Amino acid sequence: MSIEQQRRLVTELPGPRSLALMSRKTAAVPDGVGTTMPVFAARAGGGIVVDVDGNHLIDLGSGIAVTSVGASAPRVVEAVTEQVAAFTHTCFMVTPYEGYLRVAETLNRITPGDYEKRTVLFNSGAEAVENAVKIARAHTQRDAVVVFDHAYHGRTNLTMAMTAKSKPYKHGFGPFAPEVYRAAGSYPYRDGNLDGAAAAARAIDWIDKQIGAENLAALVIEPIQGEGGFIEPAPGFLPALAAWCRASGVVFVADEVQTGFARTGDLFACEREGVVPDLIVTAKGIAGGLPLSAVTGRAEIMQAPHVGGLGGTYGGNPLACAAALAAIETIEAEGLAERARKIESLLIERLSRLRDRDDRIGDVRGRGAMIAVELVRPGGTEPDPRLARDVARAAHQQGVIVLTCGTYGNVLRFLPPLTISDKLLNDAFDVLDAAFAATR
């Protein structure tokens, strides 16, 4: 399938076919399932999503960091087509298959750490996070879990407890799982002069006083916080926490659901500072758009749960495993980690120039193809969520898919496929420049 890699609008957005489908959605799907844009996709590939009306939209979202290799990557399409003709499902816990083993062996090879590892596969990021906690509790025989301000870990009951932001993720859905505690993290834009080591010391002191290391099973953290606002901690923060965990017998869990698989310019974000987690949680970009997630970690920790204690009917589905192997091959063969670093240079340069002439951009941050701007009211740091919504809406109307995020709702985030062209990126950011000018 060849899709012209050019933004093109042939109708107003949404077009008539999308409007008709949105009417059907309203009648068939609960309002709790929202959409960023009221357009329906028909095809996608490279950096373009084609809607049912024939509009070509520039994709700066990748299905929330999922289609990093593109939404119709040739290796993925070929591998899934071959697998679907062989069989779609047997359940690995009933009659296992080699694809699951190959994914586990690959993750054991490419994730940080040269120790002996084991991997277990699931379906979603939240499911994998929840199982990482189960594994840590089984290993340590402790109950408590520490997470951080601005964290997002999922929508299951336990992971809602671990997620910081109430609306839309938690409001009205409690009570939540107990023994989850929230520490202050590192947010350089809003921490003043607090460096990484000092921020880690603050968190560790709080943990020691409020919980006690002897009660703590796991410390779970996103190396760069995603839904919380693409918050990259100050240098030294993650290494200090990891060292404290090792000394205290606490399982250090890196939630790389959004940051993994070359998204940040490294295969995994924690590698930038040489942090080696005990357990690493992956999903999203792992399988080129098919549902798959994993927990990979030290063999002695992963072996703690009893036989039958881990699993799930669809975990490591053969189609998703085929897609994952093809997606990882694509990342390695096409040098997509290096491509992410080039995308970073282009986006940071464009956004920094925009910030120089627009004082409503308080911060430009992120790594690789995971970049964000935090929007504030002029003359200070007060969050401006309305501006984020207005700029995103203006971009949407011109055919650029942009997502918002952040605890305060004031962050524009950019997650383009790693296969997107510079031409499309420059066109998209020309649209964003115009959107900022139009909201003055």
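The values are calculated or read from the model by the stated rules, or taken from the named source; none is laboratory data. All figures in this text were calculated on a predicted structure; none of them were measured in a lab. As a convention, Cβ positions derive from the backbone with ideal geometry for all residues, glycine included, and neighbour counts pool all protein chains shown.
What the table shows:
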{"quantity": "Subset of region 309-325 [in contact with a Lys or Arg (Cβ under 8 Å, 6 or more places away or on another chain) and either surrounded by 24 or more Cβ atoms within 10 Å (Cβ to Cβ) or not in a helix (DSSP H, G or I) (or both)]", "calculated": "G309, L310, C321"}
{"quantity": "Count of residues meeting criterion [outside any loop (DSSP other than H, G, I, E, B) and either buried (at least 16 other Cβ atoms within 10 Å of the Cβ) or among the polar types (S, T, N, Q) (or both)] in region 203-219", "calculated": "10"}
{"quantity": "Filter result (surrounded by fewer than 13 Cβ atoms within 10 Å (Cβ to Cβ), without any contact (Cβ under 8 Å) to a residue 24 or more places away in the chain and closer than 24 Å to V66 by Cα) within region 3-29", "calculated": "V29"}
{"quantity": "Selected residue (criterion: farthest from A372 (Cα to Cα)) from residues of region 65-79 that are in contact with a strand residue (DSSP E or B) (Cβ under 9 Å, 6 or more places away or on another chain), among the small types (G, A, S) and buried (at least 22 other Cβ atoms within 10 Å of the Cβ)", "calculated": "A73"}
{"quantity": "Residue satisfying all of: in region 242-267; hydrophobic (A, V, I, L, M, F, W, C) and surrounded by fewer than 24 Cβ atoms within 10 Å (Cβ to Cβ); farthest from the chain's Cα centre (by Cα) among these", "calculated": "A247"}
{"quantity": "Residue within region 186-202 that is among the hydrophobic types (A, V, I, L, M, F, W, C), closer than 30 Å to G362 by Cα, assigned to a loop (DSSP other than H, G, I, E, B) and in contact with a Lys or Arg (Cβ under 7 Å, 6 or more places away or on another chain) present", "calculated": "no"}
{"quantity": "Flag if P235 is under 22 Å from F414 (Cβ atoms), in a loop (DSSP other than H, G, I, E, B) and under 21 Å from the mean Cα position of the chain (by Cα)", "calculated": "no"}
{"quantity": "Pair list, Cβ < 9 Å and 6+ apart or interchain, from region 297-325 residues that are in contact (Cβ under 8 Å) with a residue 24 or more places away in the chain to residues that are part of a loop (DSSP other than H, G, I, E, B) and of a type in the set (D, E, K, R)", "calculated": "G297/D278; R298/E116; R298/D278; A299/E116; E300/E116; I301/D278"}
{"quantity": "Which listed residue, of L346, L375, L354, L336, is under 14 Å from L425 (Cα atoms) and either aliphatic (A, V, I, L, M) or assigned by TED's automatic domain parsing to the domain that holds D427 (or both)", "calculated": "L346"}
{"quantity": "Region 397-440 - residue that is among the hydroxyl-bearing types (S, T, Y) and in contact (Cβ under 8 Å) with a residue 60 or more places away in the chain and, of those, nearest to S166 (Cα to Cα)", "calculated": "T407"}
{"quantity": "Qualifying residue in region 339-356 (condition: buried (at least 18 other Cβ atoms within 10 Å of the Cβ), of a type in the set (D, E) and out of contact with any helix residue (DSSP H, G or I) (no Cβ under 8 Å at 6 or more places or on another chain))", "calculated": "yes"}
{"quantity": "Residue in region 136-156 that is under 28 Å from G288 (Cβ atoms), in contact with a Gly (Cβ under 9 Å, 6 or more places away or on another chain) and β-branched (V, I, T) present", "calculated": "no"}
{"quantity": "Any hit, region 368-391, residues being under 24 Å from T11 (Cα atoms) and either surrounded by fewer than 21 Cβ atoms within 10 Å (Cβ to Cβ) or of a type in the set (S, T, N, Q) (or both)", "calculated": "yes"}
{"quantity": "Subset of region 221-241 (residues that are among the small types (G, A, S) and surrounded by 23 or more Cβ atoms within 10 Å (Cβ to Cβ))", "calculated": "G226, G228, G229"}
{"quantity": "When residues of region 123-181 are limited to those that are in a helix (DSSP H, G or I) and without any contact (Cβ under 8 Å) to a residue 24 or more places away in the chain, the one surrounded by the fewest Cβ atoms within 10 Å (Cβ to Cβ)", "calculated": "N157"}
{"quantity": "Lone qualifier among A138, A164 - being assigned by TED's automatic domain parsing to the domain that holds F261 and within 30 Å of G409 (Cβ to Cβ)", "calculated": "A164"}
{"quantity": "Residues of region 30-53 satisfying the condition of being of a type in the set (A, V, I, L, M), surrounded by 11 or more Cβ atoms within 10 Å (Cβ to Cβ) and under 25 Å from the mean Cα position of the chain (by Cα)", "calculated": "M37, V39, A41, A42, A44, I48, V49, V50"}
